[in-house]
Each structure stands twice: as C-alpha cells, then as structure tokens.
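A short write-up of the structure that comes next.
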Amino acid sequence: MRALILIAPVMLVAGCNTAVSPDAASSAAFARELTGKVAGPPQACVTTFPSQNLRVIDARTIAYGYGRTIYVNRLAGPCPALSGYNTVITELHGSQYCRGDHVRGLEPGAIIPGPWCNLGDWTPYRQP
C-alpha cells in the first residue's frame, strides 16, 4: 500500500511538466511578426547595420532586420547550438551577410561555441 502512495505523487508531477521550448515560443512570435508581409525573391546577400543583429528563430532559421523588411535565412539543415537563448557568432567578410558565410551558436556562460554552419539565400519579407 505504501508503494502506491509514493508512486501517485511522482506520476502527477511528471504529467504536469509541459514547458514550452524557447524555439517554439520564438517560432510563434516570429510567425506573428511575418503576418501581412509578402516574400520577395531570394537574394545572396544582405547589408549589415550596426544596430541590428542576427536572431535565431530555430535550429534551421535565422532572421535579420526589423520593421518594414525582415530577411529570413533557412539553413540547409539544423545547426547544433543554434537556439533562442544563444548568441549567434558570424564570420563576416565585408559589410554583408552572404550565402556561404559561416554562423554558429554560443550558449550563455559557455566559452567554446558550437560548430560552423553555412548560410543559404536570404528571403526578404515586406509589407505589400
């Protein structure tokens, strides 16, 4: 009888553990941000601005820009260490983020970043 009493609370606690992942929350917020915007033709490069940073949407998607134009880069595959809380480290050549440039994630408090991943084409989303 005692074993049943101890098991029941453990099952209740385990069943209540349904936290939303940062990537899922970030993806939902990003979908709302793109609402009403229209995708333009993909382009190889986007100009960098000092006041803006690359944002991780999920392990395969990076966004850049705010407001009227948002550029979306969908990587060829998932990139380890890219998540909503991590810092994006870039290997920037010049004043543009271009197809083939390298990015990787750095977890908070870590000193060694994850592996390099290659950027793909940038798709601009603009107000019609």
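The values are calculated or read from the model by the stated rules, or taken from the named source; none is laboratory data. Note that the coordinates shown come from a computational prediction; the quantities given were computed from them, not determined experimentally. Reconstructed Cβ throughout: ideal geometry from the backbone, glycine too, with neighbour counts over all protein chains shown.
Numbers at a glance
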quantity: Filter result for the condition that a residue is of a type in the set (S, T, N, Q), at pLDDT below 80 and not in a strand (DSSP E or B), over 17, 53; calculated: 17
quantity: Unmet requirement for residue 82, which otherwise passes all of (1) in a loop (DSSP other than H, G, I, E, B); (2) modelled with pLDDT of 80 or more; (3) loosely packed, with under 11 Cβ neighbours inside 10 Å; calculated: (3)
quantity: First in the range 98-119 and basic (Lys, Arg), second anywhere and surrounded by 14 or more Cβ atoms within 10 Å (Cβ to Cβ) and assigned to a loop (DSSP other than H, G, I, E, B), Cβ under 7 Å, 6 or more apart; calculated: 99/119; 99/120; 99/121; 104/81; 104/113; 104/114
quantity: Test: residue in the range 78-88 that is in contact with a strand residue (DSSP E or B) (Cβ under 8 Å, 6 or more places away or on another chain), at positive phi and of a type in the set (A, V, I, L, M, F, W, C); calculated: yes
quantity: From the options 55, 32, residue that is among the basic types (Lys, Arg) and over 14 Å from the mean Cα position of the chain (by Cα); calculated: 32
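Here is a yes/no grid of residues against (1) surrounded by fewer than 18 Cβ atoms within 10 Å (Cβ to Cβ); (2) in contact with a strand residue (DSSP E or B) (Cβ under 9 Å, 6 or more places away or on another chain); (3) farther than 17 Å from residue 53 by Cα:
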position: 93; (1), (2), (3): yes, no, no
position: 96; (1), (2), (3): yes, yes, no
position: 103; (1), (2), (3): no, yes, no
position: 110; (1), (2), (3): yes, no, yes
position: 119; (1), (2), (3): no, yes, no
